[in-house]
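Since every read-out is calculated from the coordinates, none of them should be taken as a lab result. All figures in this text were calculated on a predicted structure; none of them were measured in a lab. Methodologically, a virtual Cβ is constructed for each residue, glycine included, from the backbone with ideal geometry; neighbour enumeration extends over all protein chains shown.
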Amino acid sequence: MTRARAGSPWLTGALWLLAALLALRLGILAGQSIEQPAHGFVANYAAGRIIIEGQDASRLADDEWFVAQVQRFEPTVVDIYGANLPTTAVFMAPLALLDYRTSRALWTGISFLALLLVLAWLVHTCRLGSVWAPVFVSLALWSQPVRENLSHAQTYIVLLCIAAVAWSGFRRGVAVNAGAPVGILLVLKSAGSMYWPMLAVCRRWRALAWAGGVAVAAALASVAAVGIETWRVWLSTTRTLTDSASLSVTAYQTQWSLLRHLTTPDARWNPEPLFVRPELGNALVLLAAIALLAVTARIVWRSQQHDLTFAAFTLLTLILSPVSLDYHYALALLPIAILLARVGGRPTSLPVLLVCAGALLIAADLPYRSPRLAAGALSLLAYPKLYGAYLLLGVALYYARRPADEAPAG
């Protein structure tokens, strides 16, 4: 990537000061959150404790029983294990050897440090210019998805670091570095689902083999800790995941949620859709996902724009997953950095405005979960992070169609 155009030293200095202040603010908020009840980390911790204590791990999918386990550590919190893989619980088991507050404080500290390191690495690798570097870092430190990750001690900042390793291997053509992290993302949090078709479309067969090998090896190794019955129950639960009407609420910033929210009524979760056409909604969910994946695959099939390809499939992961919540969107920092590096050399161009608009829609703390936006046509306003991902994907695919030597500096 070429370095973006330099800006005024005074402006650059002011922006770096802003970034430093935002880092201090975020660190303080993260520290204060450790003593506050929150869902997220506690579910992962409880799952790890179940393994440490030798309890029946197949009951992770028993929501009523699992809520009781969570409330051993956060008495006021109701949280379930959901669709997380059994390997997630195995991964959390070492942290569960510590008491809950110590473990949460340690994970929050690791996540905050990982955030600073991955931001520095992205700035360096993307060669962001003197103005765009502090703009990007400030956006990340101000971002609501990042704040949610730290306040709930979620895992997606660490997963962002793993995705960055996969991107580094993908762009340099190193199969193990591109593939092994993709396998790790899957077994840790069912993340990075669209990286698998990306590797296939780009004919990275060795990387795909590494991804599959790592995922299978981790799953087999986990059987010793959780038993084969736990995996059987997980497979049974996962098959019915998308049947849940709760996924149509606007907290889920996904294409699946948008289309189901507009068309499929449910007395509890979606009493006032724009249209009562559940069959149409089901068809649109499938057809729109296939169309978006097919268009992306067609564009990148012969593209040599490896960075833009990776950015596009990262965004597809967020758009097409039925369970992308706000904290999942921390992963969008990777494509945002890539796209700023590509378009930032022309600060008044339409692509720059589109990238900035998309980034702001994802990062801003907008009231999309408000009940006022849950009914009828107003629900079209309730998916800002999804729309931001669409904008970024559009820019990525536009430039992916062009030869590398025709792309603008930046």
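Counting pairs of Cα atoms in segment 286-410, how many percent are more than 26 Å apart? Walk me through the numbers before you get to the answer.
Working: 1720 of 7750 pairs.
Within segment 286-410, distances greater than 26 Å cover 22 percent of Cα pairs.
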The helix 306-320 Cα axis meets the longest alpha-carbon principal axis of the chain at an angle in degrees, between 0 and 90 and rounded to 10, of 40
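Express in nm, to one decimal, how much length is gained between Leu360 and Ile28 on full extension, taking 0.36 nm for each residue of separation and deducting their alpha carbon distance. Mind showing how you got there, number by number?
Values: separation 332, 0.36 × 332 = 119.52 nm, distance 2.28 nm.
Residue separation times 0.36 nm, minus the Cα-Cα distance, leaves 117.2 nm.
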With the charge dipole of the chain built from beta-carbon charges (+1 for Lys and Arg, -1 for Asp and Glu) about the Cα centre, the Cα from Asn177, Leu361, Gly192 projecting farthest to the positive end belongs to Asn177
Computed over the chain: longest principal axis from alpha-carbon atoms vs helix 333-343 long axis, angle to nearest 10 degrees, is 10
Diffing segment 40-56: the Karplus 3J(HN,Hα) column from phi (6.51, -1.76, 1.60, θ = phi - 60°), in whole Hz with x for Gly and Pro, holds x, 4, 4, 5, 5, 5, 4, 5, x, 5, 4, 6, 4, 7, x, 6, 6
Taking only the Cα positions of segment 346-399, the convex hull volume per residue in Å³ is 81
Within the set Trp256, Trp142, Trp65, GNM on the chain using Cα springs under 10 Å gives the largest fluctuation to Trp65
The helix 384-400 Cα axis meets the longest alpha-carbon principal axis of the chain at an angle in degrees, between 0 and 90 and rounded to 10, of 50
Longest the chain segment clear of GluC sites (Glu not before Pro) sitting in DSSP loops (not H, G, I, E or B) with at most 11 other Cβ atoms within 10 Å runs 54-410
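How much length would be gained if the chain were fully extended between Glu272 and Leu235, taking 0.36 nm per residue of separation minus their Cα-Cα distance, in nm to one decimal?
The span from Glu272 to Leu235 would gain 10.1 nm if fully extended.
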To the nearest 0.05, the calculated FRET efficiency linking Ala294 and Ser370 through their beta-carbon distance, R0 being 35 Å, is 0.50
Subtracting the Cα-Cα distance of Leu17 and Asp99 from 0.36 nm times their residue separation yields 25.8 nm
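Per residue, how big is the convex hull of segment 276-357 when only Cα atoms are used? Give it in Å³.
Working: hull volume 10.1 nm³, N = 82.
Residue-normalised Cα hull volume stands at 124 Å³.
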Between Gln36 and His124, Cβ-based FRET efficiency (R0 30 Å, step 0.05) works out to 0.30
For segment 61-68, in residue order, the Karplus 3J(HN,Hα) values (coefficients 6.51, -1.76, 1.60; θ = phi - 60°; whole Hz; Gly and Pro = x) are 8, 7, 4, 5, 5, 5, 4, 5
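Rounded to whole Å and ordered largest first, report the semi-axes of the equivalent ellipsoid of the chain derived from its Cα gyration tensor (root of 5λ).
Square roots of five times the eigenvalues give 32, 25, 23 Å.
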